[in-house]
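A short worksheet on the structure shown next.
The values are calculated or read from the model by the stated rules, or taken from the named source; none is laboratory data. Note that the structure is predicted; figures quoted are calculated from it, not measured. Virtual Cβ from ideal backbone geometry, glycine too; neighbours counted across all protein chains shown.
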Amino acid sequence: MSLLIKGGRVIDPSQGLDEVLDVLVERGVIKELGKGLSAPAGVEVVDASGKCVVPGLIDMHVHLRDPGLEYKEDIITGTRAAAAGGFTSVCCMPNTKPVIDNKAIASYIINKAKSEGFCNVFPVGSITYGMNGERMSEMGELKEAGCVAVSDDGKPVVSSELMRRSLEYARGMGIMVISHAEDLSLVGEGAMNEGFTSTEIGLKGIPRVAEDIATARDVMLAEYTGSPIHIAHVSTKDSVRIIREAKARGVKVTCETAPHYFTLTDDAVRGYNTNAKMNPPLREADDVAAIKAGLKDGTIDCIATDHAPHHLDEKDIEFNEAMNGIIGLETSLPLSLALVEEGVLSLKQLVEKMSCNPSKILSIARGSLKAGSVADITLFDPAVEWTVDAEKLSSKSKNSPFIGWKVKGKAVATIVAGKLVKA
């Protein structure tokens, strides 16, 4: 399929571009960028006037629930939601049933995504077999099968010795370790952030230090071994500080946060709103401020959704019993564009954090509009206003605290390997 994207504001940090240009796509590859390009015969023209044209968005942290938990989400509905949100690639976490701890499961996901999905799917294999924290998985086999990283996301690797060996082995294999930083002994039976709100409404709290201690340990192990590490879903001010200081020392650490951690505080839990229950939990205003500062100064490399769909029956129950997690693929872009409105980030920085940086960290050949690159492209309108409507969301699950919110900015076209998958 050939496309000519006309007159859009092309923002591509990989080339230092931010200007109105045309983009010609032929046979799934970006052929040319320039002004006043003409469409060869048979080429579909896409009018991008007033729109931003950027390297396809990459979400390096989603839960597609397939295989085994398809009642929550599956590869078809999850990738449809991703495309609706402007994502051309997603990385799916291994806590499926069975766990992505072998070549067969990874291959199943890749093949199903290729035949039935709406965007690229890159599996993340587990650090340990069954995510049980006892025995390291065959990382070489997982990488060979197409996994772009390993993680026991949803569970921390409790043993420091096992985490050390995993980092060393992963470094040798050239695969990234993604850390779920959490000290379970401090979490206990906590259900939300420990603070004023938890005390006032009578819910047991999870202290910030449960994340901070685990972040510090994994950063120190990365420093000791000389291995790269990526810290998932950063939510606290001290985790931001720990990572900032580690980067200043030259530690090979990168990290991500999610839109809910710079948009909401634990006040969202009031009324025992289970759609505001997640792990790590929503924090307080000073944490939100620190997350924004970390995004602004580059401490936080990426914005990822941690898209975690759950069935209504798992959320419409008592707060303590409800599952952790929210969906986020279709609300990530407008919530992140709010950072641009606030002056926290420029559009260039936002594109870096939602496309270029995830590509670099995971060594995925995406995140650029250079001629010769795979034509994964997102077009979005930063000015369009819309209301988040559960009935109109593509995700199978509807567990979002942003239902009913009026937001600004929306993907208007998602192009994967030159094919319009959402328009």
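I need the full set of residues from region 94-130 which are assigned to a strand (DSSP E or B) and within 19 Å of Glu161 (Cβ to Cβ), in order please.
Narrowing region 94-130 to residues assigned to a strand (DSSP E or B): 120-125, 128.
Correct list: Thr128 only.
Just to be sure I understand, how many residues within region 131-154 are without any contact (Cβ under 8 Å) to a residue 40 or more places away in the chain and either under 20 Å from Gly188 (Cβ atoms) or part of a helix (DSSP H, G or I) (or both)?
The total comes to 6.
Take region 155-179 and flag every residue that is assigned to a strand (DSSP E or B) and either among the hydroxyl-bearing types (Ser, Thr, Tyr) or in contact with a Cys (Cβ under 6 Å, 6 or more places away or on another chain) (or both). Reasoning before the result, please.
The initial filter retains those residues of region 155-179 that are assigned to a strand (DSSP E or B), namely 176-179.
Within region 155-179, just Ser179 meets the criteria.
Among the residues of region 208-224, are any crowded, with 20+ Cβ neighbours inside 10 Å and either modelled with pLDDT under 95 or assigned to a loop (DSSP other than H, G, I, E, B) (or both)?
Looking for residues that are crowded, with 20+ Cβ neighbours inside 10 Å and either modelled with pLDDT under 95 or assigned to a loop (DSSP other than H, G, I, E, B) (or both), one finds at least one in region 208-224, hence yes.
Look through Gly195, Gly205, Gly250 and report the one residue that is surrounded by fewer than 24 Cβ atoms within 10 Å (Cβ to Cβ), in the same structural domain as Ser355 (by TED's automatic domain parsing), among the small types (Gly, Ala, Ser) and under 24 Å from Gly172 (Cβ atoms).
On the way: Gly195 fails: under 24 Å from Gly172 (Cβ atoms); Gly205 fails: under 24 Å from Gly172 (Cβ atoms).
Of Gly195, Gly205, Gly250, the one residue that is surrounded by fewer than 24 Cβ atoms within 10 Å (Cβ to Cβ), in the same structural domain as Ser355 (by TED's automatic domain parsing), among the small types (Gly, Ala, Ser) and under 24 Å from Gly172 (Cβ atoms) is Gly250.
State the number of residues belonging to region 67-83 that are in contact with an Asp or Glu (Cβ under 7 Å, 6 or more places away or on another chain), free of Cβ contacts under 8 Å to residues at least 60 places away in the same chain and either buried (at least 24 other Cβ atoms within 10 Å of the Cβ) or over 17 Å from Ala106 (Cα atoms) (or both).
Adding up the residues that qualify gives 1.
Quick one: Leu350 ticks every box in (1) without any contact (Cβ under 8 Å) to a residue 60 or more places away in the chain; (2) surrounded by fewer than 19 Cβ atoms within 10 Å (Cβ to Cβ); (3) under 30 Å from Gly28 (Cβ atoms); (4) under 20 Å from the mean Cα position of the chain (by Cα) bar one, so which box is it?
Here Leu350 clears every test but (2).
Being more than 24 Å from Cys356 (Cα to Cα) and either touching a helix residue (DSSP H, G or I) at 6+ places or on another chain (Cβ under 7 Å) or without any contact (Cβ under 8 Å) to a residue 24 or more places away in the chain (or both) is the filter here; which residues of region 39-56 pass it?
Residue satisfying the conditions is Ala41 alone.
Would you say Ser346 is within 20 Å of Val62 (Cβ to Cβ) and of a type in the set (S, T, N, Q)? So that I can check it myself, show each step before the final result.
Values: within 20 Å of Val62 (Cβ to Cβ): no; of a type in the set (S, T, N, Q): yes.
The answer is no for Ser346.
Just to be sure I understand, how many residues within region 1-37 are in contact (Cβ under 8 Å) with a residue 24 or more places away in the chain and of a type in the set (Gly, Ala, Ser)?
Of the residues in region 1-37, 5 are in contact (Cβ under 8 Å) with a residue 24 or more places away in the chain and of a type in the set (Gly, Ala, Ser).
For region 387-407, which positions are surrounded by fewer than 16 Cβ atoms within 10 Å (Cβ to Cβ) and either in contact with a strand residue (DSSP E or B) (Cβ under 6 Å, 6 or more places away or on another chain) or farther than 28 Å from Met1 by Cβ (or both)?
Result: Thr387, Asp389, Ala390, Glu391, Gly404, Trp405, Lys406.
With the condition being under 21 Å from Phe87 (Cβ atoms), I'd like the helices (runs of 4 or more DSSP H) fully within region 302-354 carrying at least 2 qualifying residues.
Numbers: elements: 312-315, 332-342, 347-351.
The helices (runs of 4 or more DSSP H) meeting that bar are 332-342, 347-351.
Please determine whether any residue of region 258-280 is part of a strand (DSSP E or B) and in contact (Cβ under 8 Å) with a residue 12 or more places away in the chain. Even if it seems obvious, please write down each step before you answer.
First pass over region 258-280, keeping only residues part of a strand (DSSP E or B): none.
Within region 258-280, none of the residues are part of a strand (DSSP E or B) and in contact (Cβ under 8 Å) with a residue 12 or more places away in the chain.
If you check Asn320, Asn357, which single one turns out to be buried (at least 16 other Cβ atoms within 10 Å of the Cβ) and either touching a residue at least 40 places away in the same chain (Cβ under 8 Å) or on the phi < 0 side of the Ramachandran plot (or both)?
Values: Asn320 fails: buried (at least 16 other Cβ atoms within 10 Å of the Cβ).
Step by step, each of Asn320, Asn357 is checked, and only Asn357 is buried (at least 16 other Cβ atoms within 10 Å of the Cβ) and either touching a residue at least 40 places away in the same chain (Cβ under 8 Å) or on the phi < 0 side of the Ramachandran plot (or both).
Any idea which residue in region 15-33 is surrounded by the fewest Cβ atoms within 10 Å (Cβ to Cβ), counting only those that are under 20 Å from Ala417 (Cα atoms) and touching a strand residue (DSSP E or B) at 6+ places or on another chain (Cβ under 6 Å)? Working first, answer last.
Here is the first cut: in region 15-33, the ones under 20 Å from Ala417 (Cα atoms) are 15, 21-33.
Next, only the ones that are touching a strand residue (DSSP E or B) at 6+ places or on another chain (Cβ under 6 Å) stay: 21-25, 31-33.
On the way: Leu21: 22, Asp22: 22, Val23: 27, Leu24: 22, Val25: 25, Lys31: 18, Glu32: 13, Leu33: 20.
Checked region 15-33; the qualifying residue surrounded by the fewest Cβ atoms within 10 Å (Cβ to Cβ) is Glu32.
Of Ser363, Ser332, which residue is surrounded by fewer than 24 Cβ atoms within 10 Å (Cβ to Cβ), at pLDDT 95 or above, out of contact with any His (no Cβ under 7 Å at 6 or more places or on another chain) and of a type in the set (Ser, Thr, Tyr)? Steps first, answer last, please.
Values: Ser332 fails: surrounded by fewer than 24 Cβ atoms within 10 Å (Cβ to Cβ).
Ser363 is the lone residue from the list that is surrounded by fewer than 24 Cβ atoms within 10 Å (Cβ to Cβ), at pLDDT 95 or above, out of contact with any His (no Cβ under 7 Å at 6 or more places or on another chain) and of a type in the set (Ser, Thr, Tyr).
Restricting attention to region 281-313, which residues are closer than 22 Å to Ala390 by Cβ and either free of Cβ contacts under 8 Å to residues at least 24 places away in the same chain or not assigned by TED's automatic domain parsing to the domain that holds Gly68 (or both)?
Correct list: Asp313 only.
Table: residues versus (1) polar (S, T, N, Q); (2) buried (at least 24 other Cβ atoms within 10 Å of the Cβ); (3) touching a strand residue (DSSP E or B) at 6+ places or on another chain (Cβ under 9 Å).
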site: Leu264; (1), (2), (3): no, no, no
site: Asn275; (1), (2), (3): yes, no, no
site: Ala285; (1), (2), (3): no, no, no
site: Lys292; (1), (2), (3): no, no, no
site: Asp306; (1), (2), (3): no, yes, yes
